[in-house]
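Colleague: Structure incoming, see below.
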Amino acid sequence: AASTAQKLRGEEGSLVKVAYVRDGKDNQADISRAVVPLSTVRRDQSTIRIKAFQLDTAAKVKENVDKVSGPLILDLRGNPGGSLEGGVETARLFLPKGAKITTVTAANGQPFAYDAVEDGAFSGRKLTVLVNKQTASAAEVLTAALQDNKAASVVGTDSRTYGKGVIQTVQPLGDPPGAEGAVAVTVARYATPSGGDLN
């Protein structure tokens, strides 16, 4: 599957020939490659669902929260994480200036603190965060930042979230890269504002 996806990728607008079987018959088609936008943030009434964090997640959350008056629900159930920066920037929307968000400690022991640099656009807004055992990584960072700073109530059907408080890089194996799988290497860990371990 990974090698098929790799073969389908290419320059936007270029053509790729695809062979497929339909109703038992072999077929071919030329398909023009295009960028497929994936929306990771959506709103339903006063609930903002974040499926995963990307660099533009905070901007999309802000755009959706601007359309809601009154109490707000952030739904992070099933969110596997994604971009730490996306989670940090989303936390900054709801926190006052100076609030601690997370501390990332690199493999060499160097800590780096992320704080709210100004009052968030929605600081003080009544907020509830929904989590479950599939809420992981950057979603856990956001949840802990909001909870530890008393900016949100956290509600979940499970007693714990996933527990992935690490940053990993993926190193492809084989030639071509990825042909023989990959290995995830932990390069840093993050902690909650109160110093707790997310693992």
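The values are calculated or read from the model by the stated rules, or taken from the named source; none is laboratory data. These numbers were taken from a predicted model, which means no experiment stands behind them. Cβ atoms come from the backbone with ideal geometry, glycine included; neighbour counts cover every protein chain shown. Note: accessible area is taken over every heavy atom of the protein model, side chains too, but ligands, DNA and RNA are not part of it. Shrake-Rupley method; radii C 1.70, N 1.55, O 1.52, S 1.80 Å.
Colleague: Out of everything in the range 167-182 that is among the hydrophobic types (A, V, I, L, M, F, W, C) and open to solvent by 70 Å² or more (accessible area, probe 1.4 Å), what residue ends up being nearest to T103 (Cα to Cα)?
Modeller: V170
Colleague: Hey, among the residues in the range 106-123 that are in contact (Cβ under 8 Å) with a residue 40 or more places away in the chain and in a loop (DSSP other than H, G, I, E, B), which one's farthest from V61 (Cα to Cα)?
Modeller: A107
Colleague: Next question. Taking the conditions exactly as written (open to solvent by 10 Å² or more (accessible area, probe 1.4 Å) and over 18 Å from the mean Cα position of the chain (by Cα)), does Q110 satisfy them or not?
Modeller: yes
Colleague: A further question on this structure: Can you name the number of the only condition in (1) open to solvent by 80 Å² or more (accessible area, probe 1.4 Å); (2) not in a helix (DSSP H, G or I) that I48 fails?
Modeller: Of everything listed in (1) open to solvent by 80 Å² or more (accessible area, probe 1.4 Å); (2) not in a helix (DSSP H, G or I), I48 misses just condition (1).
Colleague: Answer with yes or no whether S123 is at pLDDT 90 or above, in contact with a Lys or Arg (Cβ under 9 Å, 6 or more places away or on another chain) and on the phi > 0 side of the Ramachandran plot.
Modeller: It is false that S123 is at pLDDT 90 or above, in contact with a Lys or Arg (Cβ under 9 Å, 6 or more places away or on another chain) and on the phi > 0 side of the Ramachandran plot.
Colleague: Scan the range 154-162 and tell me whether some residue there is under 18 Å from D75 (Cα atoms), surrounded by 14 or more Cβ atoms within 10 Å (Cβ to Cβ) and either over 19 Å from the mean Cα position of the chain (by Cα) or among the hydrophobic types (A, V, I, L, M, F, W, C) (or both).
Modeller: The answer is yes, given that some residue of the range 154-162 is under 18 Å from D75 (Cα atoms), surrounded by 14 or more Cβ atoms within 10 Å (Cβ to Cβ) and either over 19 Å from the mean Cα position of the chain (by Cα) or among the hydrophobic types (A, V, I, L, M, F, W, C) (or both).
Colleague: Within the range 148-193, can you find the residues that are among the polar types (S, T, N, Q), in a loop (DSSP other than H, G, I, E, B) and either farther than 17 Å from A91 by Cα or in contact (Cβ under 8 Å) with a residue 60 or more places away in the chain (or both)?
Modeller: Scanning the range 148-193 gives T157, S159, T161, T192.
Colleague: Also, I was wondering about something else. Looking at the structure I just gave you, is V141 assigned to a strand (DSSP E or B) and in contact with a strand residue (DSSP E or B) (Cβ under 9 Å, 6 or more places away or on another chain)?
Modeller: Spelling it out, it is not the case that V141 is assigned to a strand (DSSP E or B) and in contact with a strand residue (DSSP E or B) (Cβ under 9 Å, 6 or more places away or on another chain).
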